[in-house]
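Notes to accompany the following structure.
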Amino acid sequence: MSDVRLLTSAFDPAEELCAFTAALPMAGGVVSFLGQVREGGGVEALELRHYDPLTLPAMRDLAGRVRLRWELDGLLVIHRSGVLVPGEPIVLVAAAARHRRDAFAAADFAMDHLKSESWFWKREQVGGEWRWIEPRAQDIEDIGRWG
Amino acid sequence: MKAKLVFLGRLEEQAGRSFEDIAASAPLDWSALLERLGTELAEAVGAEKVKVALNGALVADKHGIILNDGDEIAFLPPVSGG
């Protein structure tokens, strides 16, 4: 079971994780990652833009690759688009597997690829001014770990 | 023929619009399309790092595209990391 969603309004990560794990009693381990808007640097808001024809299909494609690479009982990928404020959840990834190592690796891989490859453009608002966020070299390096 | 141009990320800011409907008497190739955008914007979308999607599918070589009636072309600058 893969559940991949692109949301344009707020979600509750605890509720999502609860529902995900409840449906997978056969999984011995569930690893989750929650990304939230970082507070600091005077950032008032973060906006994520996406492109409908590409963004969700590419997220589904990534989920498919994760499922091929690791033996999982379930995979959850939720990503926000739209305007968010510091502390708000942006992304939730959870991988459920019979054994924990597959779950750790699958969640890690999914996050690295979501960060560097998925079709989102971000800009942040500081002092009332919006500025686009450039690609980070670190994200490209992170993805290189997987060969 | 009519087509839709979509500008993503910082290209939207540069273009001053998120999309544009265009009309032409015949299909447009890449250079004809750039000509319609004006020098500055043409340079921005022509940059090597800017990818192109035609009707929702990524194009391997944007220089070879032909824009036909009903097509939607999106200009995609590099995605932001986290």
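For residues in the range A:29-44 being among the β-branched types (Val, Ile, Thr) and assigned to a strand (DSSP E or B), which is farthest from the chain's Cα centre (by Cα)?
A:VAL43
Among the residues of the range A:99-115, is there at least one that is surrounded by 13 or more Cβ atoms within 10 Å (Cβ to Cβ), farther than 15 Å from A:PHE33 by Cα and touching a helix residue (DSSP H, G or I) at 6+ places or on another chain (Cβ under 7 Å)?
no
Might you check whether a residue that is touching a strand residue (DSSP E or B) at 6+ places or on another chain (Cβ under 7 Å), of a type in the set (Asp, Glu) and either part of a loop (DSSP other than H, G, I, E, B) or over 20 Å from A:TRP121 (Cβ atoms) (or both) occurs anywhere in the range B:10-24?
Yes - at least one qualifying residue is present in the range B:10-24.
Within the range A:78-147, which strands (runs of 3 or more DSSP E) (wholly inside it) include 1 or more residues that are within 12 Å of chain B (Cβ to nearest Cβ) and over 14 Å from the mean Cα position of the chain (by Cα)?
Filter on the range A:78-147 gives A:120-126, A:129-132.
Could you count how many residues in the range B:1-15 are more than 14 Å from every other protein chain (Cβ to nearest Cβ) and either within 9 Å of the chain's Cα centre (by Cα) or loosely packed, with under 14 Cβ neighbours inside 10 Å (or both)?
Count: 1.
Rule-based calculations on the coordinates, nothing more; no lab input. Keep in mind it's a predicted model, so treat the numbers as computed, not measured. We place every Cβ from the backbone using ideal geometry, glycine too, and count neighbours over all the protein chains shown.
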